[in-house]
Structure formats: C-alpha cells, structure tokens
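The values are calculated or read from the model by the stated rules, or taken from the named source; none is laboratory data. No experiment lies behind these values; they were computed from the predicted model shown. Note that each Cβ is placed from the backbone with ideal geometry, even for glycine, and that neighbours are counted across all protein chains shown.
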Amino acid sequence: MTFWRRNRSARNRRKEPRGWVLALPTIPWRRLAPAGAVLAVALGLLFTVRLMLDQPVERVSISGRFQRVQPLDVEKAVRGAIGGQGVASVDLDQVAQAVQQVPWVDRASVARSWPRALHVQVVEQVPVARWGESGLLNTRGEVFAHDTRYLPAELPQLDGPEGFQGEMTGYYLVAQPRLAQAGMRLTRMKLDERGAWELTLDNGVTLRLGRQQVAERFDRFIAAAARIVAARAADISYVDLRYANGFAIGWRSGRGEVKSG
C-alpha cells in the first residue's frame, strides 16, 4: 500500500516545464580591479598632460607670398576664431575657415606650434580675369571679389551669363597661350545669351566664333588667319569664322569682306 501510494503520487506529480537556461560566466572582479585602476590612472595622467599643454595662444606666426592680403587681418581672424581655447583644444579647421573669409585669401592651413603658438600658412588668390563691372575670377573660374575698386587693366574682361564663369575661364586659359605664341593677347571674351562666342584681341580685332564648333573655328584662326591679322591688324575690324571651311575678314575701311576658304 505504501509503495502504491508513492507511485501514484509520483505519477500525479506535475511535471516542471522544460526551458533554456542561460549560464552567465562568472566575472573575476578581483582580477579586473587592478587593470581598472591602471586605466583610471592612465586617463588621469592623460587629462593632466592635456591641461598642461593647453596653454593660451600667445603668438600667431603667418607665412605666405602677399600682395593683397594683410597679415594683420589674418591674425585678427585667427584671434576671433580661437576665443578662449588653448593651443591643445583649439579647432584648427575652424581657424582655417575663418582665415579663408579674409579678402583675397584662397586657402589656409593652421598647425600648432608648441607650447603657446599657432602657425598659419596662407595662399593668396591669383586673379586671371575680370568679371562684370567689378568682379574678379581666379584660375578655377570662381568669383572671389564682387566689388573691387581696383581692377588690374592687364586682365581680360569676361562677360557672360551667370553660371558660366568656370567654362569661360577654362576656355580663356587654353586660348591665351596660343594667341601669345602668335604675338597677340586676348582682352575681352563675350558669351551672349544665345551661346555665341566672341573674342577681342589687344590689336582691336574681333573674332566671331559663333555657337557651334568653337574650338575647331579657333584652331582655324590660329592655323590660317592669325598671320594675316598679325600683319595687317590696323586694317582689319573682325574675322568671321562661322563658315564651314574658311573665314571672312572685315576691313576697317568699309570695303566689305574678303572670304578665304
């Protein structure tokens, strides 16, 4: 009877649900404690060294080849960007961006000079052409000055729709060396709203290139018409290159065009 009761009790016993048991590893805190202490000490030393190195900026050295940029303006921009930061904590990119806002500054790089100085390297803008009434273009075709009182007379005048500064500057930088080899200099480049190109040379002769095959037409001028213009520039008003295989010359005397093809 006793065995039967126990057996019944065992059969009636509710079974425990089976499931997954995650066994977490035992963390050896006692072993980690020395490593944590070393890390804390290292961080403390690093913080202390940084505080020691983060001295106020007492001197700003500036280098570069300057014609228009004033070093005092550069230093003023640096001081304004530093604020209350020290040599170690100052944001060098932020300082460089502030310097690049100075008129006629193209690029700037800033480096730390321990223990209490910054060094600024400045590259000045190089104007290659005039744009509009009072703008100046750099070699990338960017208008870096919009209201310039002094415009160098030797720079060519580029006139065209807004947004074509880069294309016109690039074309000028290609065309001018070839004209110089022929003994001429480009003084004005015009691109009208229809997309027609017109070049004016220093001898007063105008080259009409039109809207299509502009590069090919300019090549034709260099190859065939440049010698005529160089020899008789005083008599020539324009050279019209808007022909399939030739060009036309307009004379100042008003005697009409002479075509060559």
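Checked against (1) among the aliphatic types (A, V, I, L, M); (2) over 19 Å from the mean Cα position of the chain (by Cα); (3) crowded, with 16+ Cβ neighbours inside 10 Å; (4) at pLDDT below 95, Ala175 passes all but condition (4). Within the range 57-106, the set of residues being within 26 Å of Leu137 (Cα to Cα), in contact with a His (Cβ under 9 Å, 6 or more places away or on another chain) and polar (S, T, N, Q) comprises Ser63 only. Select the strands (runs of 3 or more DSSP E) contained entirely in the range 197-240, then report the ones holding at least 3 residues which are not hydrophobic (A, V, I, L, M, F, W, C). In the range 197-240, 206-210, 236-240 are the strands (runs of 3 or more DSSP E) which contain 3 or more residues that are not hydrophobic (A, V, I, L, M, F, W, C).
Residue count for the range 86-106 under the criterion of being part of a loop (DSSP other than H, G, I, E, B) and in contact (Cβ under 8 Å) with a residue 24 or more places away in the chain: the result is 8.
The one condition from (1) under 26 Å from Glu133 (Cβ atoms); (2) part of a loop (DSSP other than H, G, I, E, B); (3) touching a strand residue (DSSP E or B) at 6+ places or on another chain (Cβ under 9 Å) that Tyr243 does not meet is (1). The set of residues in the range 192-214 being aliphatic (A, V, I, L, M) and crowded, with 20+ Cβ neighbours inside 10 Å consists of Leu199, Leu201, Val205, Leu207, Leu209. Among the candidates Arg149, Arg220, the residue that is among the basic types (Lys, Arg) and over 32 Å from the mean Cα position of the chain (by Cα) is uniquely Arg220.
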